[in-house]
Amino acid sequence: MWIDRRCLDVALVVSLVLTSSSFITRTSSLSVTVNEVECVYEYVLYEADTVSGNYVVVDHDIFWGSDHPGIDFTVTSPSGNNVHTKKGTSGDKFEFKAPRSGMYKFCFHNPYSTPETVSFYIHVGHIPNEHDLAKDEHLDPINVKIAELREALESVTAEQKYLKARDARHRHTNESTRKRVIYYTLAEYLLLACASGLQVVYIRRLFSKSFGYNRV
Amino acid sequence: MRSIALVLLPFLAANLFLSPCQSLRFDLKSGHTKCISEEIKSNSMSVGKYSVLNPQEGQPMPESHKITVRVTSSYGNNYHFTDHVESGQFAFTAAEQGDYMACFWAIDHRPEVTVTIEFDWRTGITAKDWPSVAKKGSVDLMELELKKLEDTITYIHDEMFYLREREDEMQELNRSTNSRMAWMSLLSLVVCLSVAGLQLWHLKTFFEKKKII
């Protein structure tokens, strides 16, 4: 992440005495339309932080055929290694331990030409360990417990966001099914009536005087 | 000097503790648009901050790296609009529940440059201004942390209610679709038989009139 100037200065001053706490806020679940490749960057402050999150492809349009390749998701570490990959899905949860601190790249790749909307949520969580505790005397062991509690709550929140996004997609599918049921059934009635009308008209013409009914 | 520093340090520490600087970053090519949307409940606070990264440190931002930002609700109401800026922020209380979209346009420029935008969008409880809460109540850090946790739990609880409601609506929708399908299939049978009957009757009278039968 880009830490703006002011924050950087503060961080430099404070880090001399106090390690920054485990409190790292979350961006809420956002949606982005993926045309081909869409990447977002997120900064991981500490090595061995747990990066977790989920993504759901919301805009399924009507439905994907069974041969649709799905959306690919890749996470690249700052050194260019592929940390996490998931190919061809319509949504997934992920969690990994960051091998090093730095700017991580989260990319969605859409192999098809139709743009898809992806709703995603990324969380970087840090729990102060004994090393941090030893470095700084202001950090209580209770801070570790609070951090663990916060991380547990964050995982619940993440799960909720995932469920919410999946529920939205499910709802979308159901509403489109309902509309299609009604329209196709009405179209079927109309078609039936038209076919039968055409049949009657044809038979009438066959028997009309201009043909002469002995031709039938 | 040293005493001032020592006095300042806890303050600064509190600042870092309470208002971490973290946001989302994405790239935007010149002349292109990118939109990020988020679902916001009605009457909840929403705060957003965006800035363009300066490609050359220390020098003023080049004209090619200015952006236009617009925040709209799903009903089309405009909540924020700035033109030709390099950074800015917005805050609003969502009047209607729905998908809010923040769209970024990069100024069209030849040759095409890639503008990197930092964007931080918080809604609901994450938008709460904790440092001011801390200053107002002069609570200690631990208590503030626990207050934050309490807020998170309330939020989770509310979300659960919301999810439950949505599930209820979905069940209703499915049940009604199910019964509607059943009725329509029955109706299609009736339509089929009646159309066939009409055909038969019409042709019979037609042939009787023509004296063929």
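Structure above, values below:
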read-out: Residues of the stretch A:192-210 that turn out to be open to solvent by less than 80 Å² (accessible area, probe 1.4 Å), at pLDDT below 90 and more than 7 Å from every other protein chain (Cβ to nearest Cβ), as a count; value: 2
read-out: Pair list, Cβ < 8 Å and 6+ apart or interchain, from the stretch B:185-213 residues that are facing chain A (nearest Cβ under 10 Å) and under 30 Å from A:Val181 (Cβ atoms) to residues that are assigned to a helix (DSSP H, G or I) and aromatic (Phe, Trp, Tyr); value: B:Leu187/A:Tyr189; B:Ser188/A:Tyr189; B:Val191/A:Tyr189
read-out: The stretch B:78-99 - residue that is among the charged types (D, E, K, R) and free of Cβ contacts under 8 Å to residues at least 60 places away in the same chain and, of those, least open to solvent (accessible area, probe 1.4 Å); value: B:Glu96
read-out: Identity of the residue in the stretch A:173-191, open to solvent by less than 60 Å² (accessible area, probe 1.4 Å) and facing another protein chain (nearest Cβ under 8 Å), that ends up farthest from B:Trp183 (Cα to Cα); value: A:Asn174
read-out: Residues satisfying the stated conditions in the stretch B:114-125, i.e. modelled with pLDDT of 85 or more and outside any strand (DSSP E or B); value: none
read-out: Selected residue (only one of B:Ala134, B:Ala106, B:Ala127, B:Ala102 is over 30 Å from B:Tyr162 (Cβ atoms) and either open to solvent by less than 30 Å² (accessible area, probe 1.4 Å) or free of Cβ contacts under 8 Å to residues at least 40 places away in the same chain (or both)); value: B:Ala106
read-out: Members of the stretch B:44-73 found to be open to solvent by 70 Å² or more (accessible area, probe 1.4 Å) and either modelled with pLDDT of 85 or more or assigned to a helix (DSSP H, G or I) (or both), listed by number; value: B:Met45, B:Lys49, B:Glu63, B:Arg70
read-out: Odd one out for B:Val115 among (1) of a type outside the set (Phe, Trp, Tyr); (2) in contact with a His (Cβ under 7 Å, 6 or more places away or on another chain); (3) under 28 Å from A:Glu175 (Cα atoms); value: (3)
read-out: First in the stretch B:154-166 and facing another protein chain (nearest Cβ under 7 Å), second anywhere and outside any helix (DSSP H, G or I) and open to solvent by 70 Å² or more (accessible area, probe 1.4 Å), Cβ under 9 Å, 6 or more apart; value: none
read-out: Any pair with Cβ under 8 angstrom, 6 or more apart, that starts in the stretch A:177-192 at a residue that is touching a residue at least 40 places away in the same chain (Cβ under 8 Å) and ends at one that is surrounded by 14 or more Cβ atoms within 10 Å (Cβ to Cβ); value: none
read-out: Failed item in (1) out of contact with any strand residue (DSSP E or B) (no Cβ under 9 Å at 6 or more places or on another chain); (2) at pLDDT 50 or above, with B:Ser3 passing the rest; value: (2)
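The values are calculated or read from the model by the stated rules, or taken from the named source; none is laboratory data. Only a predicted model underlies this, so the values are computations on that prediction, with no experimental measurement involved. As a convention, Cβ positions derive from the backbone with ideal geometry for all residues, glycine included, and neighbour counts pool all protein chains shown. Areas reflect the complete protein model, heavy atoms only, side chains present, ligands, DNA and RNA absent. Shrake-Rupley method; radii C 1.70, N 1.55, O 1.52, S 1.80 Å.
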